[in-house]
Each structure stands twice: as C-alpha cells, then as structure tokens.
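Each value in this text was obtained by applying a stated rule to the coordinates, not by laboratory testing. Keep in mind that what you see is a predicted model, and the values were worked out from it rather than measured. Virtual Cβ from ideal backbone geometry, glycine too; neighbours counted across all protein chains shown.
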Amino acid sequence: MKPTILIAALATLLAGAAQAHEFKAGEIRIDHPWARATPPRITTGAAYMTFENKGMIEDRLVSATSPASSEVQFHENKDEGGIMQMRQIQSLVIPVGTTIAMKPSTMHLMLVRLKEPLKIGTKVPLTLVFEKAGPVMVELAVDKPGATGPKTEDHSGH
C-alpha cells in the first residue's frame, strides 16, 4: 500500500510542475507559455504567456518561430470606436520592472499556417527572440479549445 501512496504523491507533484512552467531569457522571465488546441483543418492557433522584466534595462520581443507553423505573428486586440479589432504589431516592449500578460482577448502570438492541429496535452516548441536577451526556446502547453489560461496553484498560505 505504501508504494501506491508514493506513486500517487509523485503523480500529483509532477502534474503541478507541468502546469507551472517558466523560462528565462537574460533578465526576462517567461511564465506559463500555453496555446489552445485547434480543430482539424484550422490553420492558425493562438499562444499566450506572461513576460516579467526583472532587469535594469528595457527589452523588446522582436520575433518568434516554431516548427509547428510557417510563421509566428504578434497580435493585440484594441477597442476602436466600440468595436474590438485585432491587429498585428511588430514587436513587444517589456519595460524595466513590468509584467506583460498575453491572454485571450488582449494580446497573443498567432501561429500561422499550422503544419498540423495543436492537440490537447502536447507541448509545442517555440523560440522567442529578444533584442537584448537574445533567443530562448520555450514549450507551449496545449490546453483545450476555449481555455482561458493555465491553472496555477495558490501557494500563498504555505
């Protein structure tokens, strides 16, 4: 019975670790990169994450690539005259001491011309290139269609 408890505890720990993944590029911390699963025959996907600049200089996300798509674009949604418009932007400035969250209905990375659908539970490699910090490879955790973001545990009471 004790090995069963140990296995269950380990599985719980690993599941939490899979949800809480982060990466670093210089002084830029990239938290919880994720994407929504896509239905068959849909050729674009959206990816989200949070950037935090813990450094002493401003940096800029200047490009991104993924073997899962032909192109990766930066998009933001803006309210223009009461109508929400999505538009492509060329880069993303990350000022010193700030956190910028890419999340549904705000800002996202658009994976254009997907080579195959994004499937729930898979990880998709993505290389982000920062002006000063340089390139870093992250993994997008693919969640269900319509997901609103990664489920993170609150550890404030510990």
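Neighbours of Val124, meaning other residues whose beta-carbon lies under 15 angstrom from its beta-carbon, give a summed charge of +2 when Lys and Arg score +1 and Asp and Glu score -1. Computed over the stretch 71-139, the quotient of the alpha carbon radius of gyration and 2.2 N^0.38 Å is 1.28.
Rounded to whole numbers, the Karplus 3J(HN,Hα) couplings from phi for the stretch 85-90 are 10, 9, 9, 7, 10, 8 Hz, using 6.51 cos²θ - 1.76 cosθ + 1.60 with θ = phi - 60°, and x at Gly and Pro. Taking a ≥ b ≥ c as the square roots of the Cα gyration tensor eigenvalues, the stretch 22-143 comes out oblate, since a/c reaches at least 1.5 and a/b does not exceed b/c. The trypsin sites (Lys or Arg not before Pro) of the stretch 36-113 that DSSP puts in a loop, and whose beta carbon has at most 10 other beta carbons within 10 Å, are Arg41. Rounded to the nearest 20, the size of the Cβ-charge dipole of the stretch 22-143 about its Cα centre is 360 debye, with Lys and Arg at +1 and Asp and Glu at -1.
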